[in-house]
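The values are calculated or read from the model by the stated rules, or taken from the named source; none is laboratory data. These numbers come from a predicted model, not from an experiment. Here the Cβ is made from the backbone with ideal geometry for all residues, glycine too, and neighbour counts use every protein chain on show.
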């Protein structure tokens with residue numbers, strides 16, 4: 001393989017990459033610098049262990065994080081656009097104000113996660129679990145929420161315009177001020193209703 005063919009990927013092992021990300025603020029700065037140097041690079045972090053790691057402000061856009069363990073990790077203000085979190089564990093993860101646009105969360109665990117202010121527009125959350133999660137002011141426009149579980153979740157003022165919501169479990173979800181939900185969605189009968197909910201139909 002020619003050098004030109006490999007120029008978009010840095011010469012660094014997965015082990016070193018994980019160690020860098022776990023190296024605190026300095027490690028995050030180094031990693032983000034690598035992302036700027038190799039903008040087409042999609043880091044392979046499948047099955048990585050980031051339990052309780054501080055990854056705030058990291059640029060993991062388009063990264064492969066399938067089956068990764070990010071429980072109780074801090075990913076606030078992170079760029080996670082287009083990242084793949086399929087089957088990943090993000091239980092109690094902190095994702096406030098993170099960019100998750102177009103990210104994939106198929107069958108991911110996000111129960112008790114903090115996602116206030118996050119941009120999840122266009123994300124695929126098919127069969128993902130958000131039990132007890134906080135999604136205040138979250139942008140879920142155009143997202144695929146089919147078969148996802150939002151039981152006891154807080155979706156105050158969430159934007160669900162254009163979101164796919166078939167078979168979603170809204171059991172006791174609080175949707176005060178949410179907008180874009182379809183009035184015909186049967187599952188909403190199990191949600192906590194307030195007069196300020198703005199329906200799309």
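Being in contact with a helix residue (DSSP H, G or I) (Cβ under 8 Å, 6 or more places away or on another chain), more than 23 Å from residue 69 (Cβ to Cβ) and at pLDDT below 95 is the requirement here; does residue 189 meet it? Spelling it out, it is not the case that residue 189 is in contact with a helix residue (DSSP H, G or I) (Cβ under 8 Å, 6 or more places away or on another chain), more than 23 Å from residue 69 (Cβ to Cβ) and at pLDDT below 95.
Based on what the data block shows, is residue 56 assigned to a loop (DSSP other than H, G, I, E, B) and in contact with a strand residue (DSSP E or B) (Cβ under 6 Å, 6 or more places away or on another chain)? Yes: the conditions hold for residue 56. Which residues, taken from region 59-83, are assigned to a strand (DSSP E or B) and within 21 Å of residue 33 (Cα to Cα)? Of everything in region 59-83, those that are assigned to a strand (DSSP E or B) and within 21 Å of residue 33 (Cα to Cα) turn out to be 59, 64, 74, 79.
For region 87-120, a tally of residues being under 10 Å from the mean Cα position of the chain (by Cα), farther than 21 Å from residue 49 by Cα and assigned to a loop (DSSP other than H, G, I, E, B) returns 4. Taken over region 163-182, the criterion of being more than 19 Å from residue 106 (Cβ to Cβ) and free of Cβ contacts under 8 Å to residues at least 24 places away in the same chain is satisfied by 170, 171, 172, 173, 174, 175, 176, 177, 178, 179, 181, 182.
Cβ-Cβ distances below 7 Å connect the following pairs, each with a first residue in region 20-45 that is without any contact (Cβ under 8 Å) to a residue 24 or more places away in the chain, a second residue that is surrounded by 13 or more Cβ atoms within 10 Å (Cβ to Cβ) and not in a helix (DSSP H, G or I), and a separation of six or more residues or different chains: 42/62; 42/63; 42/64. The set of residues from region 128-182 being within 14 Å of the chain's Cα centre (by Cα) and not in a loop (DSSP other than H, G, I, E, B) comprises 129, 134, 139, 144.
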